[in-house]
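The structure appears below as C-alpha cells.
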Amino acid sequence: MKKSRYFSDLIKNYIDEVDDLVTDSEGKSVLQKRLNEKRREIDAILPMIGFSPEMVSVIFYGAFDFKSPATMQRVVLSEPGHADFLAWAELESELAVSDWARPLIDSSLKVQGGDAFLVATAALEFLRNKDSVPMPEPEAGKDADAEDEAGDEDGSDDLNEAGADWLAEQGFDPLGH
C-alpha cells in the first residue's frame with residue numbers, strides 16, 4: 001500500500017512496539033495485560049507523542065474499525081502539519097471506535113498535538129490491519145544496481161557517508177567497522 005514517508009517510517013516502529021508487547025521473556029502471550037497497563041498510564045505517557053508516538057499509539061491497538069478505506073488511504077498518503085492531513089473531527093466520523101477507547105481519546109485531545117496524534121494512530125491501526133503483507137525481499141544481485149542508482153539520485157549515499165564521517169569525528173566506529 002502506498003504511504004507517505006512519515007507513515008512508511010512510523011509503521012515499522014509501531015509494528016516493532018506491538019511485537020515487543022506480545023510475549024514475555026518466557027514466550028507467554030501478555031499483549032492484553034501490557035496494553036491494559038499502558039492504557040492505565042495514559043497521562044504519564046502522553047507527553048511522548050511528540051518524539052515517540054508509536055510507543056503511545058499502541059494503547060489504541062484494536063480500537064478502530066474503518067468505514068472508508070479510501071479516506072484512510074488519503075490519510076496515510078499525507079503527513080501531520082500538511083494541509084491535506086485530516087483533523088480528528090473529520091476522521092472520527094469515518095471510524096467505528098470501541099467504547100473502551102473513548103476516555104483515551106478524550107485524554108489525548110487535551111494535550112498539545114493530540115489531534116494529529118489520534119489521526120496518525122488511526123492510520124497506524126489501519127496500516128497494521130490492511131498492509132500486513134510484507135514486501136518480498138529482492139533477489140540477490142538482481143536489483144542492486146537499480147537501488148544504487150536510486151540512492152545516488154536522492155543523495156542518500158552522500159548522507160550516509162556524511163553521517164559515518166561525523167560519527168568517526170565524534171570518536172565512534174562508524175557502521176561497526
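Some notes on this structure:
- Residue within region 136-159 that is out of contact with any strand residue (DSSP E or B) (no Cβ under 8 Å at 6 or more places or on another chain), modelled with pLDDT of 85 or more and exposed (fewer than 11 other Cβ atoms within 10 Å of the Cβ) present: no
- Residues satisfying the stated conditions in region 78-88, i.e. farther than 17 Å from G50 by Cα and crowded, with 17+ Cβ neighbours inside 10 Å: S78, L86
- Of the numbered criteria (1) at pLDDT 95 or above; (2) of a type outside the set (D, E, K, R); (3) surrounded by fewer than 12 Cβ atoms within 10 Å (Cβ to Cβ), the one Y61 fails is (3).
- Hits in region 89-104 (condition: surrounded by fewer than 18 Cβ atoms within 10 Å (Cβ to Cβ) and closer than 19 Å to F126 by Cα): A89, E90, E92, S93, A96, V97, S98, D99, W100, R102
- Looking across region 81-116, the residues that are in contact with a Ser or Thr (Cβ under 6 Å, 6 or more places away or on another chain) and within 19 Å of A70 (Cβ to Cβ) come down to D84, F85, E94.
- Taking region 30-55 as the range and being of a type in the set (S, T, N, Q) and under 13 Å from T121 (Cβ atoms) as the test, only S52 passes.
- Scanning region 5-29 for residues that are buried (at least 16 other Cβ atoms within 10 Å of the Cβ) and more than 18 Å from D115 (Cβ to Cβ) yields I11, Y14, I15, E17, V18, L21.
The values are calculated or read from the model by the stated rules, or taken from the named source; none is laboratory data. Just so we're clear, the structure is a prediction, and the values are computed from it rather than from any experiment. When we count neighbours, we look across all protein chains shown, and the Cβ atoms used for this are built from the backbone with ideal geometry, even at glycine.
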